[in-house]
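The values are calculated or read from the model by the stated rules, or taken from the named source; none is laboratory data. Only a predicted model underlies this, so the values are computations on that prediction, with no experimental measurement involved. Note that we place each Cβ from the backbone using ideal geometry, even for glycine, and neighbour counts take in every protein chain shown.
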Amino acid sequence: MRNTEDRKIVDEVLEEFAALAAIPRPSHHEKAVSDYLLDAFRALGCKVVQDASNNIIADRKAAPGFENVPRVILQGHMDMVCVAAEGVAYDPLRDPIRLRRTENELTAEGTSLGADDGAGVAMILYVFRHAKDVGPLRAIITTDEETGMTGAQFLDEKYLSDADFLINWDSENYDELTRGCAGSVGVEFRRQIDWRTPPEGKTWHISVRGLLGGHSGERIGDGRGNAIRILAQTLHALKKSDLSFSVASMTGGSARNAIAAEAEAVIVTQAGTEDIRRVIAEVEQRERIILETSDPKLQITLSETKQPDRVLSDAETAAVTDALQLLHTGVFQMSTTITGLVETSSNLGLLRTEENEVWFSYFARSSVDGKLTDLAESCRVLGERLGLEVQIATPSPGWRERPKSALSDMMAEIFEMQTGRPMKVDVIHAGLECGWHIQKAPKLDMVSIGVTTHDIHSPKETLDLTTIAPQVRLVTETLRRIADGKCAAK
Ligand SMILES: [Zn+2]
């Protein structure tokens, strides 16, 4: 830590953070933490509203003499992704997060930490406690950012439209400032199963693994393999080679917004072992060449396993594997204005065989909202043709970059002045609540920033404590300059 002043900031932010960590707060279970924040902001002298979604809207009055300064919103989310390492007993609805602090890092014992976005919320509380000589501030702390952004979706627009600036404090690198993001739409394809008795033959377990996976926004431009699609291509190749088989189950992926790194199927067949091995080796060889530079450790393995009780009909199998063969996964289009930015992409994230149905998820992102509408429509047509039920979720809107953002320019300048290093200013191919905000208040000048975190949404989630004080100073100086009339919106 740089000096005692930094240490004081970090200690106090972590005190706020520890209070949040003590309250279980997975998405959809935010009432307790929302009540806590209601009291915490009230104790700071704010006027606080808890809306029907349990969002917290807290207004801090302008300092005397700063009443005419434009209002600034500081925004974060109160829910967190709750996951535990294998073998760790953890009930996300009851157990607090146990913190472990070293000189420069904060982690949790065996679980995710909730720095996403507990760090943002803790810093907002810190700024509300300490900011001097600034105009009116509003904190908006939303619910359910992690699973559907419904807190932001249902937030009343009146809480956004009377402000000039919004700082979303939910990004992951302290030297990066985001000024635009992609929208998304989730689609699920389903097929009811009418179970059959398995035919005679051997039972095989086909497994696709060794792939890198990764976040379906950040990593989709890297050309990584998708295990669900490769599994479907494998089954398709067996069928094309006239090796008939019945499928007992198809499974793959870990989350709709993660590139599927693993997938597997259990099949029953009378085909010869050598024939099956040959087809699988051909698919593996072809895909390995395709993925040679981007995802080189693909393996498709075959092992004999025990006979299942039941199998899908051929029509059910064909409906699902044909759709998976036809649906593109990966990049559709690169941005025509920003070099290296993915504009439109999609991901096959989950494939599951359950008691009554087999289903899979298809998650598309685009910075052009119209393309999401079009993609969803293509899914509907494809599903109808193939005999799959198609469910299209409410799309999350994108946040189109403003041609000119006084806030972004000023914050980048302050960051460089304060730290001696440049701030990366970027548009991202991932979702932020800013997409919902800008729909309701198109004139808002908005940025997204955040402390540096690693491995969020995992038990390895780590918060880099050395980035807290620089973030607090950046926001404090930004508020001060806005109060001095040095940042004109619109
Ligand atoms: Zn977050």
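Key figures
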{"quantity": "Selection within the range 214-259 - within 17 Å of residue 344 (Cα to Cα) and of a type in the set (Val, Ile, Thr)", "calculated": "220, 259"}
{"quantity": "Helices (runs of 4 or more DSSP H) completely within the range 51-166 that count 3 or more residues being surrounded by fewer than 21 Cβ atoms within 10 Å (Cβ to Cβ)", "calculated": "115-130, 158-161"}
{"quantity": "Test for residue 89: is it assigned by TED's automatic domain parsing to the domain that holds residue 24, touching a Phe, Trp or Tyr at 6+ places or on another chain (Cβ under 7 Å) and over 19 Å from residue 166 (Cβ atoms)", "calculated": "no"}
{"quantity": "Subset tally (residues that are more than 14 Å from the chain's Cα centre (by Cα) and either near the ligand (Cβ under 9 Å from one of its atoms) or within 7 Å of residue 117 (Cα to Cα) (or both)) for the range 74-88", "calculated": "2"}
{"quantity": "Odd one out for residue 424, checked against (1) modelled with pLDDT of 95 or more; (2) farther than 18 Å from residue 170 by Cβ; (3) of a type in the set (Lys, Arg)", "calculated": "(2)"}
{"quantity": "Strands (runs of 3 or more DSSP E) wholly inside the range 254-339 that include at least 3 residues being within 23 Å of the chain's Cα centre (by Cα), among the hydroxyl-bearing types (Ser, Thr, Tyr) and farther than 26 Å from residue 363 by Cβ", "calculated": "none"}
{"quantity": "Residue in the range 342-361 that is surrounded by fewer than 23 Cβ atoms within 10 Å (Cβ to Cβ), within 19 Å of residue 397 (Cβ to Cβ) and of a type in the set (A, V, I, L, M, F, W, C) present", "calculated": "no"}
{"quantity": "Total residues in the range 167-208, condition under 30 Å from residue 487 (Cα atoms) and not in a loop (DSSP other than H, G, I, E, B)", "calculated": "8"}
{"quantity": "Single unsatisfied condition, residue 208 versus (1) closer than 30 Å to residue 384 by Cβ; (2) within 16 Å of the chain's Cα centre (by Cα)", "calculated": "(2)"}
{"quantity": "Selection count, the range 125-145, where residues are in contact with a Ser or Thr (Cβ under 6 Å, 6 or more places away or on another chain) and charged (D, E, K, R)", "calculated": "1"}
{"quantity": "Residue match in the range 438-447 (condition: among the small types (Gly, Ala, Ser) and surrounded by 22 or more Cβ atoms within 10 Å (Cβ to Cβ))", "calculated": "no"}
{"quantity": "Residue identified as assigned by TED's automatic domain parsing to the domain that holds residue 119, farther than 21 Å from residue 182 by Cα and either more than 16 Å from the ligand (Cβ to nearest atom) or small (Gly, Ala, Ser) (or both) among 435, 450, 420, 431", "calculated": "420"}
{"quantity": "Counted residues, the range 356-372 - those being out of contact with any strand residue (DSSP E or B) (no Cβ under 7 Å at 6 or more places or on another chain) and in contact (Cβ under 8 Å) with a residue 12 or more places away in the chain", "calculated": "0"}
{"quantity": "Selected residue [within 16 Å of the ligand (Cβ to nearest atom), among the polar types (S, T, N, Q) and surrounded by fewer than 18 Cβ atoms within 10 Å (Cβ to Cβ)] from 396, 458", "calculated": "458"}
{"quantity": "From the options 32, 18, residue that is part of a helix (DSSP H, G or I) and either within 21 Å of residue 151 (Cα to Cα) or not assigned by TED's automatic domain parsing to the domain that holds residue 449 (or both)", "calculated": "32"}
{"quantity": "One residue from 325, 299 being within 20 Å of residue 257 (Cα to Cα) and in contact (Cβ under 8 Å) with a residue 60 or more places away in the chain", "calculated": "325"}
{"quantity": "Qualifying positions in the range 145-190 - within 16 Å of the ligand (Cβ to nearest atom) and closer than 30 Å to residue 320 by Cβ", "calculated": "146, 147, 148, 149, 150, 182, 184"}
{"quantity": "Which listed residue, of 133, 95, 116, 144, is over 18 Å from residue 48 (Cα atoms), in the same structural domain as residue 474 (by TED's automatic domain parsing) and over 24 Å from the mean Cα position of the chain (by Cα)", "calculated": "133"}
{"quantity": "Single residue of 122, 63, 43 found to be over 22 Å from residue 444 (Cα atoms), within 16 Å of the ligand (Cβ to nearest atom) and at pLDDT 95 or above", "calculated": "122"}
